[in-house]
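See structure below.
The values are calculated or read from the model by the stated rules, or taken from the named source; none is laboratory data. Model, not experiment: these values are computed from the prediction. Cβ placement follows ideal geometry from the backbone for every residue including glycine, while neighbour counts extend to all protein chains displayed. Only protein heavy atoms, including side chains, enter the accessible area calculation; ligands, DNA and RNA are left aside. Shrake-Rupley method; radii C 1.70, N 1.55, O 1.52, S 1.80 Å.
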Amino acid sequence: MPIIALIIIGAAAGFLATRLMRLETGIITTVCIGMAGALLGGLVLRGLLAVMGVMAGFIGAVLGALLLIWLWQRYIGR
């Protein structure tokens with residue numbers, strides 16, 4: 001079943017992409033473009049999400065440290 005789903009999604013994505021780029025291709029080429037694009041897009045998206053996850057963790061850590069410093073200065077470091 002996953003192979004059939006990949007072909008259907010690839011066909012839809014390839015069809016949309018070839019129409020947006022105004023490219024006339026055959027059915028096999030359209031499906032192959034869609035499947036390759038889905039693979040490439042999925043890898044890029046996962047990479048971006050991983051990097052953003054690391055950056056989000058870093059930003060959260062900095063904000064947490066700033067909050068602790070503010071609390072320290074406000075209540076303990078008078």
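Restricting the stretch 4-63 to trypsin sites (Lys or Arg not before Pro) that sit in a DSSP loop and have at most 14 other Cβ atoms within 10 Å of their own Cβ leaves R22. For the chain, the longest principal axis of the C-alpha atoms and the axis of helix 27-71 are separated by about 0°. Among the listed options (i) 70; (ii) 61; (iii) 74, the one matching percent of Cα pairs over 15 Å apart as calculated from these coordinates is (i). Angle of helix 2-20 to the longest C-alpha principal axis of the chain, folded into 0 to 90 degrees and rounded to 10: 90°. Computed in the context of the full set of protein chains, the accessible area of the chain at 1.4 Å probe radius has 80% of its extent on carbon or sulfur. With every protein chain in place and a 1.4 angstrom probe, the accessible-area ranking of V31, V44, V54, largest first, reads V54, V44, V31. From helices alone, the chain scores -30000 deg cm²/dmol at 222 nm; the rule is -39500 (n - 2.57) for each run of n ≥ 4 DSSP H residues, then divide by the residue total. In the context of the full set of protein chains, the stretch 1-54 has a per residue accessible area of 81 Å² (1.4 Å probe).
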